[in-house]
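What follows is a single structure, written as structure tokens, with notes after it.
The values are calculated or read from the model by the stated rules, or taken from the named source; none is laboratory data. Predicted model only: the values in this text are computed from it and were never measured. Ideal geometry is used to build each Cβ from the backbone, glycine not excepted, and the neighbour counts take in all protein chains shown.
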Ligand SMILES: O=C(O)CCC(=O)C(=O)O
Ligand SMILES: [Fe+2]
């Protein structure tokens with residue numbers, strides 16, 4: 001099956017801007033146990049913490065791309081729903097797994113402030129691991145699609161975690177056992193929509209972040225995602241590549257491995273070139289350690305060879321860590337030096 005995507009419905013990503021040097025890792029080769037591909041994957045996890053995952057030639061991967069295309073249509077429908085309806089599923093319902101929006105200073109033709117919006121759907125709601133938070137009919141109508149997508153993303157993530165166990169010389173299942181599908185966790189799928197808006201330095205700077213979970217699987221149709229290069233600190237665009245997901249590692253993996261793996265800082269700016277002025281959607285799947293996991297350096301394998309790290313001042317569970325990071329109460333980014341505190345922007 002050739003992968004059909006909708007990227008060609010949008011103006012092209014410019015050819016004359018600096019793009020991030022992401023390597024492309026083939027899911028089909030990882031599935032087949034290809035040693036060179038697995039080594040390239042591990043290098044990417046250590047060096048940049050961002051790479052393309054090429055889904056072509058893998059039944060699982062092609063189903064994920066197909067699911068992402070279908071969910072892209074669903075998210076576009078979702079964001080067209082009246083604001084009052086979306087807000088019913090907002091932060092009054094749950095502070096985090098909810099519809100959230102950020103009003104901008106610019107207004108639509110009716111004088112309403114434009115909003116950056118996202119909608120966060122817990123894995124455990126989608127898989128029936130807990131009592132489901134209320135959700136709009138549109139989302140309930142797409143339950144089968146969402147469930148397939150979550151299960152498929154998690155299969156890919158589990159494969160990558162197992163590969164990391166091997167490279168880190170940890171007993172097989174070490175990372176997987178902290179991320180069991182049926183255990184409650186902060187995993188969630190996110191729809192994102194950024195309205196057409198001018199470049200705004202302050203807003204962009206306040207959105208610089210590292211992901212705080214384990215592994216993120218991202219689909220983009222327009223440019224706008226940028227990563228900051230580790231050596232030069234230059235911000236460069238990540239070009240959306242049809243048939244590939246952008247995969248990045250989060251801070252949990254940096255913490256578990258005492259800094260062997262990298263969680264790179266990134267941000268979102270308006271789409272570049274001819275894509276400027278269009279609303280921009282992203283589809284994200286965030287994986288996170290199970291809620292009860294204590295966020296600390298793991299023991300064993302190559303991790304034991306890492307320099308000593310300061311003992312934790314307090315034991316914090318994955319659940320508390322996510323809530324504190326999500327609400328800006330644990331501001332900081334992970335770098336090779338560990339957690340660097342940042343004053344709020
Ligand atoms: O919209 C994007 O391309 C990236 C979104 C992102 O980094 C996030 O939601 O954590
Ligand atoms: Fe992110």
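Before moving on, here are some points about what is shown:
This table checks each residue for (1) surrounded by 15 or more Cβ atoms within 10 Å (Cβ to Cβ); (2) within 17 Å of the chain's Cα centre (by Cα); (3) in contact (Cβ under 8 Å) with a residue 60 or more places away in the chain; (4) more than 30 Å from residue 5 (Cα to Cα).
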| residue | (1), (2), (3), (4) |
| --- | --- |
| 287 | yes, yes, yes, no |
| 301 | yes, no, yes, yes |
| 309 | no, no, no, yes |
| 314 | no, no, no, yes |
| 317 | yes, no, no, yes |
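Table: residues versus (1) within 14 Å of ligand 1 (Cβ to nearest atom); (2) closer than 20 Å to residue 46 by Cβ; (3) free of Cβ contacts under 8 Å to residues at least 40 places away in the same chain.
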residue: 189; (1), (2), (3): yes, no, no
residue: 194; (1), (2), (3): yes, no, no
residue: 198; (1), (2), (3): no, no, no
residue: 201; (1), (2), (3): no, no, yes
residue: 208; (1), (2), (3): yes, no, no
residue: 214; (1), (2), (3): yes, yes, no
residue: 223; (1), (2), (3): yes, no, no
residue: 227; (1), (2), (3): yes, yes, no
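Per-residue answers, yes or no, for (1) modelled with pLDDT of 95 or more; (2) farther than 20 Å from residue 150 by Cβ:
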site	(1), (2)
191	yes, no
211	no, no
220	yes, no
233	no, yes
248	yes, no
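- So residue 166, is it modelled with pLDDT of 95 or more and assigned to a helix (DSSP H, G or I): yes
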